[in-house]
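Encoded as structure tokens, the structure appears first; notes follow it.
The values are calculated or read from the model by the stated rules, or taken from the named source; none is laboratory data. Values in this document were obtained by computation on a predicted structure and should not be read as measured data. Please note: Cβ atoms are built from the backbone with ideal geometry, for glycine as well, and neighbour counts cover all protein chains shown. These area figures cover heavy atoms from the full protein model, side chains too; ligands, DNA and RNA do not enter into them. Shrake-Rupley method; radii C 1.70, N 1.55, O 1.52, S 1.80 Å.
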Amino acid sequence: MVGIVLVSHSYRIAVGAAELAREMGGPDVRLETAGGLDTPDHAIGTDAVLVMAAIERAWSDDGVLVLMDLGSAVLSAEMALDLLPEERRAGVVLCEAPFVEGAVAAAVTAKLGASLDDVAREARGGLAGKVAHLGMDVEDETASEVVVDEGSSTATITVGNPHGLHARPAARFVQTASAFDARVDVRNLTNGRGPANAASLNAIAILGATEGHQLEISASGPQAAEVVAALSSLAERNFDEHPSSGPPATSMPVADTGAETVGMADGVLRGHPASPGIAIGPIAHFHVPTIDVPEGRADDADAELRALDDALEATAIAVAAQRSAIVVRAGAQEAEIFDAHLLFLRDEAVLVPARTAIRDDHATAAQAWRAAIGNTAAAWDDLDDPYLRARAADLRSIGDQVLAHIVGVELSAPRLTTEGVLVAADLTPADTAHLDPDMTLGIATAHGGPTSHAAVLARSLGIPAIVGVGPAILALVEGTTVVLDGDDGSVLVEPDPDTTARIGTERGRRLTLLREMKVRAGEPAMTTDGTPIEVAANVGRPDEVGPAVAAGADGVGLFRTEFLFMDRTTMPDEDEQTEAYRAAAEALAGRPLLLRTLDAGADKPIPYLEQPVESNPFLGVRGVRLGLARPELLRTQLRAVLRVAQDHPVRVMFPMVATTDELDGAMASLEGARDDLNSTATLETGVMVEVPSAALIASALAAKVDFLSIGTNDLTQYTLAADRGNEHVAGLSDALHPAVLRLIRTTVEGANTHGRWVGVCGELAGDPTATALLLGLGVRELSMSAPAIAVVKHAVRDVDLTSAEAIASRVLAVASASQVREILVQA
């Protein structure tokens, strides 16, 4: 795979652009950054030595593409070439493509295994697109590569989502359609809207497709049949939307965006419940600043177009940062809201009219952008479905962010310095992403509905919220005490002392119930019949261990040691590894530390190991196979593990074991490391069960080690032959498929023959809906991301093993993941 290096004067811009490129290209893209100077504050500037190091980290026999932002970045990149060994210089291309668009295009193309020339050509395509929009005559570098194909294909799909093609499923639709070499148009056969270009998020959303609507997909081009099949499959999977997505269940009608409610009655304002819970405190108003757009004609269209493009790039970086923050605070599903925002920024339904107004009407960038956003949002407002109408607020939100960059103003974020109830006319997802739940006791907005993405984020952050209260809420004086009830949608203004006390008691009771899981997270998790279950954390770095312990982890059930080997140009030596493992063990204060030996290769390449290119790296030299192929690498790591095990409770396990011969080789390496150190350290050993063969020979493996740990992510993709990173087969990669569950059961049965325990360290371990099932299958250790620990421990305490075993027996008898889920819901 071609490597990519991003060189920017700004460290943050380089990192942000890289993050956006990885979002589009995938996490396995070989992408490195060289942003800013090598100082603690990453001062503005470029450094040829840093660029050279980044090229070395990204090195591939397929070559490296280097993208640069400003003039001296080019000079630094040229100097970096001179610093490289002569034999590598020919494999590096310095590309003049636009920085952000070029990075995204290069990442997507490199992921497909394209040549260096093709990756460079696609990166330059971003520039060609801009020039074409200016109406200039330009040669399209990709034209000679296009194969004319008159093939066409059509299909009719039915929208099964309860809320239709709102932003997230529409984004998946657009992303899937754009992944094929075909032109795709869509008509809504139910309401007559269309045709719409499937490459445009706004065009798809404005089709007004709600539950039960039929859409006709028409495709033409080389991959017409393939894209129609992929979109049909996506629709059959309900666009990969989880049942919990969308608005909360409520007996009240969904509020229309901007709908007003009745005024105050008996000191109570009423709106629509958006996020449950009670809040008592003084109100704090958040006033959205007005962005003034100067009047007058533009003198330089080229300058205005550059200003628009710069604002789009800056906003994309900011949105990517917002997305990352929400992943950490609320989860990946909620963060998908911002995927739609990123699509807005490159949606031709908005960009084309904006650029046309700049070129043909002498509009400024600000004027043209404001008009294009306003017109498109108005089209959303005209839709019949209130849930889809609420998406106009998202478009206006992203529009304001771009507009602020164009005119050079900073949009203030709502931040409370003392505890209070935030009051605003409305909140955008970006506003909500900045809120501190410790300070923001509740949210009340004059407009909006419970289906808004701001409401979704409020729920995910655990902040009580009411929307659509009306203008009366805005008239309240700053600091007025209110009682906000997010369950019934009421705001009690200036309650009397008795009422305050009574509601305060009720709020306390609710908070006690809500916080009980976190309060008890540090306690052992035992089933109702007294069976102890170890609930541990998955971590990748020593500094993640302390927060995991604070979240209630009984230990570390998976330390991904490969993170010590990445983002560097040389291998960590034995002393450095020992220091890192010891820091993790000390942070655990006597709790067990389970270290997985280096799991590199496939989606986690390490450039300086110079592994040969493999046609299918997921089935190649990775995991324990790499350790056996590079014996000193594995032996050095095991010596570091043993040194820490001398003073701390340490476990070690070997990844991607498929045969007993591989395990024998790994255990021999461990004994060799013991001999090197003359070590007497006590060390539990284990195997990761990630391939079906390991599950099927679990008894033979368990005879040689102390435990087995099931990695459900890889076990699922290898069992179902579905790459979990491939969107076209993502719907197949379900860890609750009976085939996967039967392999888990087989693993447990094999381990039981030798009295060994079995754990799960894949994503399934952190899903509380699967807790009873896993325990019923015989799993006795669960390891997950730290935020999931409290809720999983709470789920463990509700499990009756006899009932759980009955559930397991039922699911093992069915044939599909959907049937398994039905059983779990019924249970």
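With a ≥ b ≥ c the root eigenvalues of the C-alpha gyration tensor of the stretch 275-325, is it rounded (a/c under 1.5), prolate (a/b larger than b/c) or oblate?
oblate
Binned at 5 Å from 0, what are the whole-percent values of the Cα-Cα distance distribution for the stretch 39-89, short to long?
Pairs per bin, as whole percents: 5, 20, 30, 25, 13, 5, 2.
Place +1 on the Cβ of every Lys and Arg and -1 on the Cβ of every Asp and Glu in the stretch 653-730, take the dipole about the Cα centre, and give the residue among T659, V691, L720 whose Cα lies farthest towards its positive end.
Going by the Cα projections, it comes out as L720.
Computing the accessible area with a 1.4 Å probe over protein heavy atoms, can you report the carbon and sulfur percentage for the stretch 540-601?
Result for the stretch 540-601: 48 percent of the exposed heavy-atom area is carbon or sulfur.
Which percent of Cα-Cα pairs in the stretch 1-107 sits in each 10 Å bin, short to long?
Distribution as computed: 18, 54, 28, 1 percent.
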